[in-house]
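To start, the structure itself, in structure tokens.
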Amino acid sequence: MTLAFGAYAAFSISDAFSKLLAGSLDPFEVAFSGGVFGFLILPFIRQKGESYIDVVRPQLWTMWFLRAICVFVATAASVEAFMLLPMPEAMSLMFLMPLFVTIISVVFLKEKVIFWAWLAVILGFIGVLIVLRPGFRALHFGHLCALVAAFANAGSVITYRLADREKTRLSLFGSSLIGPIIGNGILMGVHATWPASVKDWVFLFGYGFLAALGQLLMMMATAKAPANRVALPQYSQMVWGVVLSYIVFREPLDGWTFVGITVLMFSGVLNWIRQRIRYERMAMKERKERKLAAKRSNEIARGSVVTASKRF
């Protein structure tokens with residue numbers, strides 16, 4: 001969970017950098033940088049005995065390709081969404097990701113999700129509807145991009161989980177770099193331009209490096225926890241989005257947006273509390289079972305001693 005919180009913080013600040021580049025660079029060029037600058041992280045995750053060629057030499061090719069496609073689509077769609085929408089609004093739609101993860105994890109990973117988890121994601125969906133208010137306000141291409149990014153991010157979480165048998169960390173991480181480089185590199189085509197100022201270079205590096213760092217932390221988180229748990233800390237992104245939107249972009253919240261964000265945050269807190277109670281109960285049950293097993297072992301041992309004594 002801590003790794004996931006760190007991942008979503010990195011994603012949020014990265015998204016702010018991409019929004020700062022709106023009007024200066026092509027969105028696909030910005031997303032392309034996520035793969036390029038992400039290579040700077042490879043020396044920090046390379047383990048002894050691993051070769052850098054393992055980035056494109058995975059054991060599970062199917063999961064590698066699926067993850068590369070998901071990360072490519074997520075980066076391209078999210079950059080476009082943040083350039084076109086206020087940060088809280090774009091993030092609200094992307095908060096449908098836990099709902100998508102929950103549904104996919106039940107269907108494909110056969111993970112058990114109880115009533116309270118479904119209630120939390122439904123509340124999150126209601127919060128998104130309050131923020132967007134479809135039918136009362138116009139929705140445009142930016143909203144579609146945010147929705148696509150939410151679904152693609154859910155797919156990347158699931159593929160990380162399915163690839164937990166991948167022994168080489170460079171292979172697991174490599175698709176998060178190669179996907180955006182190839183996909184966005186093709187799409188930016190003739191629209192790519194050289195950054196005009198040092199400031200643009202700083203923003204571009206900030207976006208790319210933090211996006212790659214977030215992918216690394218997400219990879220580590222999904223290796224240690226079920227996919228539907230790793231999705232929960234995404235709600236912390238809304239705090240980052242509201243703060244950055246107000247301080248950096250001077251975008252105030254209206255009343256209904258604030259209500260929708262409150263519902264979204266409540267759904268995240270509800271699910272977090274439910275998870276804490278569930279795992280504390282599981283821990284207590286496990287301790288009780290261990291004590292019972294130890295007691296039975298002692299009784300068997302004492303019985304064996306008594307039987308041996310009678311024989312003598």
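Past the 24 Å Cα-Cα mark, which pairs from LYS19/LYS199; LYS48/LYS224; LYS224/LYS295; LYS48/LYS110; LYS110/LYS288; LYS112/LYS224? Over 24 Å apart, Cα to Cα: LYS224/LYS295; LYS48/LYS110; LYS110/LYS288. Placing one equal scatterer on every Cα of segment 2-311 and applying the Debye formula, the log10 ratio I(q)/I(0) at q = 0.13 Å⁻¹ is -0.91. Given their separation in residues at 0.36 nm each and the Cα-Cα distance between them, ALA196 and LEU129 gain 20.2 nm when the chain is fully extended.
Between beta-carbons, use under 13 Å as the cut-off and find the net charge around ILE178, counting Lys and Arg +1, Asp and Glu -1.
Result for the local shell: +1.
Shown in residue order for segment 249-264 are the 3J(HN,Hα) couplings computed by the Karplus curve 6.51 cos²θ - 1.76 cosθ + 1.60 at θ = phi - 60°: 9, 6, 10, x, 9, 8, x, 5, 4, 5, 4, x, 5, 4, 5, 4 Hz (x for Gly and Pro).
Please report how far the C-alpha centroid of segment 8-35 lies from that of segment 37-102, rounded to the nearest whole angstrom. Each part reduced to its Cα centre gives a spacing of 13 Å.
What is the mean projected area of the alpha carbon convex hull for segment 17-163, to one decimal in square nanometres?
So the mean shadow area of the Cα hull is 10.9 nm².
Counting Lys and Arg as +1 and Asp and Glu as -1 over every other residue whose Cβ lies under 13 Å from the Cβ of SER24, the net charge comes to -1. Modelled spin labels at GLU286 and TRP118, positioned 7 Å past Cα toward Cβ, are 2.7 nm from each other.
The ASN298 and ALA223 beta-carbon pair, evaluated with R₀ = 25 Å, returns a calculated FRET efficiency of approximately 0.10.
Using Cβ point charges alone (K and R +1, D and E -1), the dipole size of segment 2-311 about the Cα centre works out to roughly 2360 debye.
None of the figures in this text is laboratory data; all of them are computed from the coordinates on show. Computed from a predicted structure; not experimentally measured. Positions of Cβ are generated from backbone atoms using ideal geometry, with glycine treated the same way; all protein chains shown enter the neighbour counts.
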